[in-house]
């Protein structure tokens, strides 16, 4: 939900439901990277509510468009991190490091107890 002025669309507060600090801080970080943003911040009205308010003020561009661009940039960053991670896991599994560590998921029966006398 967007709260803002009908005459000045360069400043608005957006209310996101079912969200918390995790997404709010990531969006705030991404917004702060945009030179069109003069101010951005977020607040959580009450700890028991799963809602975040994100305030965006721009140099003149519509705040809605700037927030949309920031969310798209955040999605691209997340895709990059995911693909980099997946590639690193793939490279690690293909290396001899796994064999040297003697990791074999078929040998583990889940019972680590040993008999001792």
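Provide 71, 78 in ascending order of the number of other Cβ atoms located within 10 Å of each residue's Cβ, fewest first. All intermediate terms of the calculation are to be shown ahead of the outcome.
Values: 71 15, 78 11.
Ranking 71, 78 by Cβ neighbours within 10 Å, fewest first, gives 78, 71.
Given the Cα-Cα distance of residue 101 and residue 38 and 0.36 nm per residue of separation, how much length would full extension add, in nm?
Computed gain between residue 101 and residue 38 is 17.5 nm.
A simple spin-label model places pseudo-atoms 7 Å from Cα toward Cβ; at residue 68 and residue 11 they are separated by 2.3 nm.
Given a Förster radius of 30 Å and the C-beta distance between residue 22 and residue 92 as r, what FRET efficiency does 1/(1 + (r/R0)^6) yield to the nearest 0.05? In this case the efficiency is close to 0.65. Among 38, 58, a tally of other beta-carbon atoms within 10 Å of each Cβ gives an order, fewest to most, of 38, 58.
Note on 21, 46: ascending count of other Cβ atoms within 10 Å places them as 46, 21, the fewest first.
No value in this document is a laboratory result; all are computed from the given coordinates. The shown structure was predicted, so the numbers you read here are calculated from the model rather than taken from an experiment. Positions of Cβ are backbone-derived with ideal geometry, glycine not excepted, and every protein chain shown enters the neighbour counts.
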